[in-house]
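Novice: Sharing a structure here in structure tokens format.
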Amino acid sequence: MIVVKNLDSFYKIKSKKLFKKDILKAVESVSFQIEKGETLGVVGESGSGKSSLARAILKLQEIHGGEIFYKNQNITNFSKKEMFPLRKEMQIIFQDPYSSLNPRLTIKEIVMEGLNLHSKESDSEKEVKLKKVLERMSLKNDILDRYPHEFSGGQRQRISIARGLILEPEFLVADEIVSALDVSNQAQVLNLLQNYKKENDLSLLFISHDLNVISYISDKIAVMYLGKIVEFGKKSEIIKSASHPYTKILFSSSFKMNEKKKNKIKVVGEIPSVLNKPSGCYFHTRCPIAKDICKTTIPEPKQISKTHISACHFS
Ligand code: SF4
């Protein structure tokens with residue numbers, strides 16, 4: 001469904017030096033593929049480049065290197081006009097259920113917006129789709145004339161998902177969609193999405209900073225750090241035999257994954273600025289097992305198994 005090869009996506013931002021711009025390398029040389037009906041979970045701390053990656057794949061931000069294939073079409077250099085018919089098939093749900101819904105529109109106008117833009121179906125056919133998607137998201141018909149401010153965070157996020165799914169996409173990007181929700185709402189949203197995915201063979205790119213959430217929903221997992229994928233593999237490979245020190249630390253700091261809290265590995269300090277990435281291995285300033293080579297030499301991705309890759313000198 002999706003093949004990404006050596007993708008780079010940078011931003012130009014105002015520099016402290018007069019009349020200069022700094023280059024922020026948000027996504028660096030990222031490669032992976034997602035099959036039909038498969039979920040790739042992307043995990044990493046805030047600032048690791050997860051959301052930039054999602055936006056770059058959907059061509060919502062500039063691409064500076066590499067290639068993106070969607071259903072065997074190279075869409076890397078597609079114009080806005082060429083992307084328009086694909087927008088219906090490639091949907092994104094954003095993190096914040098408060099800012100992502102227009103407060104001046106009714107729920108019906110919000111959910112139907114994309115369908116009205118992309119579909120030539122009759123009004124009655126659209127109504128059938130609306131009813132179906134509301135049911136799937138456990139939302140009642142009587143919400144349609146109401147406004148976003150009347151709903152809780154969990155309900156708003158289900159409305160956001162309904163807006164994305166009414167177009168019956170084949171590929172969906174879910175960007176931190178449960179991070180603003182409490183645990184019971186998280187579980188409800190994840191289960192609804194999981195059920196929809198199974199019934200409709202949806203391919204999903206699911207982004208979260210929470211390894212428990214990622215481990216629940218994903219078939220494959222990519223771990224990102226400062227714009228790069230540092231470990232990639234099937235869910236079972238990452239959970240049972242994580243290889244990269246950063247992945248091990250993420251597991252260690254995840255309460256459910258390590259309830260006994262024995263052998264807890266501690267990470268030092270905060271994630272460095274994307275504008276000032278360390279030399280060599282980007283993780284060396286925080287890695288508990290870093291050696292001299294890590295400061296000078298970028299580790300190449302190593303094949304641990306046919307499907308499991310780790311970018312560490314000591315994997
Ligand atoms: Fe740690 Fe070195 Fe491996 Fe980077 S390459 S993760 S610094 S051991």
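The values are calculated or read from the model by the stated rules, or taken from the named source; none is laboratory data. A quick note: this is a predicted structure, and the numbers were derived from the prediction, not measured. FYI the Cβ positions are ideal-geometry reconstructions off the backbone, even for glycines, and counts take in every protein chain you see. All accessible areas refer to the heavy atoms of the entire protein, side chains included, with ligands and DNA or RNA removed. Shrake-Rupley method; radii C 1.70, N 1.55, O 1.52, S 1.80 Å.
Novice: Can you tell me which residues in the stretch 180-205 are open to solvent by less than 70 Å² (accessible area, probe 1.4 Å) and aliphatic (A, V, I, L, M)?
Specialist: Matches in the stretch 180-205: Ala180, Leu181, Ala187, Val189, Leu190, Leu192, Leu193, Leu202, Leu204, Leu205.
Novice: Right, here's the next one. Filter the stretch 305-315 down to the residues that are away from the ligand (no atom under 13 Å from the Cβ) and assigned to a loop (DSSP other than H, G, I, E, B), then identify the one that is farthest from Pro245 (Cα to Cα).
Specialist: Across the stretch 305-315, the extreme among qualifying residues is Lys306.
Novice: Looking for whichever is surrounded by 20 or more Cβ atoms within 10 Å (Cβ to Cβ), at pLDDT below 95 and either under 26 Å from Ser9 (Cβ atoms) or away from the ligand (no atom under 16 Å from the Cβ) (or both) here; the options are Ile249, Ile221, Ile239. Which one fits?
Specialist: When all the criteria are applied, what remains is Ile249.
Novice: Let me ask something else. If I ask for residues that are of a type in the set (Gly, Ala, Ser) and under 24 Å from Ser203 (Cα atoms), which ones from the stretch 1-25 would you list?
Specialist: Ser9
Novice: Of the conditions (1) open to solvent by 40 Å² or more (accessible area, probe 1.4 Å); (2) within 29 Å of Ile239 (Cα to Cα), Leu7 fails just one. Which one is it?
Specialist: (1)
Novice: Same structure again: Need pairs with beta-carbon distance below 7 Å; first residue part of a loop (DSSP other than H, G, I, E, B) and within the stretch 32-48, second surrounded by 24 or more Cβ atoms within 10 Å (Cβ to Cβ) and β-branched (Val, Ile, Thr); sequence gap 6+ or separate chains.
Specialist: Gly44/Val223
Novice: The conditions are (1) outside any helix (DSSP H, G or I); (2) of a type in the set (D, E, K, R); (3) out of contact with any helix residue (DSSP H, G or I) (no Cβ under 6 Å at 6 or more places or on another chain), and Lys248 fails exactly one of them. Which is it?
Specialist: So the condition that Lys248 fails would be (1).
Novice: Hey, another quick one. Answer yes or no: is there a residue in the stretch 47-56 that is within 24 Å of Leu275 (Cβ to Cβ) and open to solvent by 50 Å² or more (accessible area, probe 1.4 Å).
Specialist: yes
Novice: Considering only residues that are farther than 26 Å from Lys88 by Cα and hydroxyl-bearing (Ser, Thr, Tyr), which ones fall in the stretch 173-187?
Specialist: Ser184
Novice: Just checking, how many residues over the stretch 10-46 are open to solvent by 10 Å² or more (accessible area, probe 1.4 Å) and either within 17 Å of the chain's Cα centre (by Cα) or modelled with pLDDT of 95 or more (or both)?
Specialist: Going through the stretch 10-46 one residue at a time, the tally reaches 11.
Novice: Of everything in the stretch 111-125 that's closer than 18 Å to Asn141 by Cβ and open to solvent by less than 90 Å² (accessible area, probe 1.4 Å), which residue is nearest to the chain's Cα centre (by Cα)?
Specialist: Val111
Novice: Considering (1) modelled with pLDDT under 95; (2) open to solvent by less than 80 Å² (accessible area, probe 1.4 Å); (3) not charged (D, E, K, R), say which one Ile68 fails and leave the rest.
Specialist: The number of the failed condition is (1).
Novice: Can you tell which of Phe151, Phe171 is surrounded by fewer than 24 Cβ atoms within 10 Å (Cβ to Cβ), more than 16 Å from the chain's Cα centre (by Cα) and at negative phi?
Specialist: Phe151
Novice: In the list Glu125, Glu109, Glu67, which residue meets the criterion of being free of Cβ contacts under 8 Å to residues at least 40 places away in the same chain, over 22 Å from Asn200 (Cβ atoms), of a type in the set (D, E, K, R) and not in a loop (DSSP other than H, G, I, E, B)?
Specialist: Glu109
Novice: Moving to a separate point now. Take the residues in the stretch 274-300 that are closer than 24 Å to Leu24 by Cβ and either part of a helix (DSSP H, G or I) or in contact (Cβ under 8 Å) with a residue 60 or more places away in the chain (or both); name whichever of them is least open to solvent (accessible area, probe 1.4 Å).
Specialist: Cys294
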